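**Q** This is the structure I have questions about; it appears just below.
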Amino acid sequence: LFSLYANVSRSFRSPTLNELYRGFRVGNVLTTANENLRAERADNFEGGIKFNKRQLALRASAFWTRIGQPVANVTLTTTPTLITRQRQNAGETRSAGVEIEAEYRSKSIDISAGYLFAASTVTSFPSNPALVGLAIPQVAKHQLTFSARYTRSKWNFAVQARTSGEQFDDDLNTFRLEPYVQIDAFISRKLNGKLQVYAVVENLFDSRYSVGKTPIRTVGSPTNLRIGFRWR
């Protein structure tokens, strides 16, 4: 019924050719390359517990990761018309948190839910101490997911929801990406042994949330409807 697991590892990642030699511009943000980048090195620990009994499964885990010399887009200058950043090796970042998942399965119903807490911060940056203690860009501290599926005869119904807490789109934690909730729905019907017709509605309630700020705001996709056939 119960099982325990743990994992300890060390790894590294060399800078890519893009990071070393290719700059790019998005909106009024110019990011330059850096041919002097060094490899990132990470120390990782993860451990957890699993419980299974008939249709019910529960999982909980904790993790801790330290990355030395991570490659980051660091802001150099800011003007009303241009933000200039450069890829640099930040001194050190740390990410720690927990993940909890629950799943129930029966003949006709599948339900699952999950929660992730991740505290990811810059812990050392000798060349730019002002960044120490700030959140790592595009990492939300809280994330929650939920899905449910119901099957009856030739019909299949499903709904999926996900929500995320606030995060930031830059190293200075200036451009805030607000929390959001998005719900998707799915329905299908078998027409014969292998052919089925389906319909999917993504972002059912037309949630409008930021996915990027440069500082020009970019929003997520609006409500989308897809109808089609699937052959299995």
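The values are calculated or read from the model by the stated rules, or taken from the named source; none is laboratory data. In this text the structure is predicted, and so the values were computed from the model without any measurement. Ideal geometry is used to build each Cβ from the backbone, glycine not excepted, and the neighbour counts take in all protein chains shown. All accessible areas refer to the heavy atoms of the entire protein, side chains included, with ligands and DNA or RNA removed. Shrake-Rupley method; radii C 1.70, N 1.55, O 1.52, S 1.80 Å.
**Q** Please give, to one decimal in nm, the separation of the simple spin-label points placed at Ala148 and Thr218, each 7 Å out from Cα toward the Cβ.
**A** For the pair Ala148/Thr218, the computed spacing is 3.4 nm.
**Q** Follow-up question, since we're still on this one. Could you sort Arg22, Arg162, Arg94 by accessible area so the largest value comes first, with the probe set to 1.4 Å?
**A** These residues rank, largest area first, as Arg22, Arg94, Arg162.
**Q** Per residue, how much accessible area does the range 100-217 show when a 1.4 Å probe rolls over the protein heavy atoms, in square angstrom?
**A** It amounts to 57 Å² per residue over the range 100-217.
**Q** Under 8 Å for C-alpha pairs, at least 6 residues apart: give me the relative contact order for the chain, rounded to a whole percent.
**A** Contact order relative to length: 12 percent.
**Q** Moving on to the next point. Apply the Karplus curve 6.51 cos²θ - 1.76 cosθ + 1.60, θ = phi - 60°, to the phi angles in the range 4-18 and return the couplings in whole Hz, x for Gly and Pro.
**A** Karplus-based 3J(HN,Hα) across the range 4-18 equals 10, 8, 8, 8, 10, 8, 10, 8, 9, 9, 7, x, 7, 4, 4 Hz.
**Q** Given a 1.4 angstrom probe, what's the average accessible area per residue across the range 32-74, in square angstrom?
**A** 58
**Q** Count neighbours as other Cβ atoms within 10 Å of each site's Cβ, and list the chymotrypsin sites (Phe, Trp or Tyr not before Pro) in the range 147-232 that are DSSP loop with at most 10 such neighbours.
**A** The qualifying sites are Phe205.
**Q** Give the calculated FRET efficiency between Ala119 and Ile187 to the nearest 0.05, with a Förster radius of 35 Å applied to their Cβ-Cβ distance.
**A** According to the calculation, E is roughly 0.35.
**Q** Now for a separate question. At 1.4 Å probe size, put Phe117, Phe12 in order of accessible surface, largest to smallest.
**A** Phe12, Phe117
**Q** Using a 1.4 Å probe on the protein chains only, how many percent of the accessible area of the range 23-70 belongs to carbon and sulfur?
**A** Carbon and sulfur atoms account for 52 percent of the accessible area of the range 23-70.
**Q** Let me check against my output: what whole-number percent is the relative contact order of the range 79-207, with C-alpha pairs under 8 Å and at least 6 apart?
**A** It rounds to 17 percent for the range 79-207.
**Q** For a quick check of your reading of the filter: which trypsin sites (Lys or Arg not before Pro) in the range 36-76 sit in a DSSP loop and have no more than 11 other Cβ atoms within 10 Å?
**A** Here the trypsin sites (Lys or Arg not before Pro) that fit, given the DSSP loop and packing criteria, are Arg54.
**Q** What are the ³J(HN,Hα) couplings of the range 118-126, residue after residue, when phi is run through the Karplus curve with 6.51, -1.76, 1.60 and θ = phi - 60°? Round to Hz, x for glycine and proline.
**A** 9, 9, 10, 9, 7, 9, 7, 7, x
**Q** Sort out for me the Cα centre separation of the range 36-114 from the range 1-19, rounded to whole Å.
**A** If you average the Cα positions of each part, the centres end up 11 Å apart.
**Q** Which of the lysines could be linked to Lys213 by a straight reach, that is with a Cα gap under 20 Å, when you skip same-chain ones fewer than 8 residues away?
**A** Partners found: Lys141.
**Q** When the accessible area of the range 142-232 is split by element with a 1.4 Å probe, what percent falls to carbon and sulfur?
**A** Answer for the range 142-232 is 59 percent, counting heavy atoms of protein chains only.
**Q** Using a 1.4 Å probe over the heavy atoms of the protein chains, calculate the carbon and sulfur portion of the accessible area of the range 74-120 as a whole percent.
**A** On the range 74-120, the fraction of accessible area on carbon and sulfur atoms equals 58 percent.
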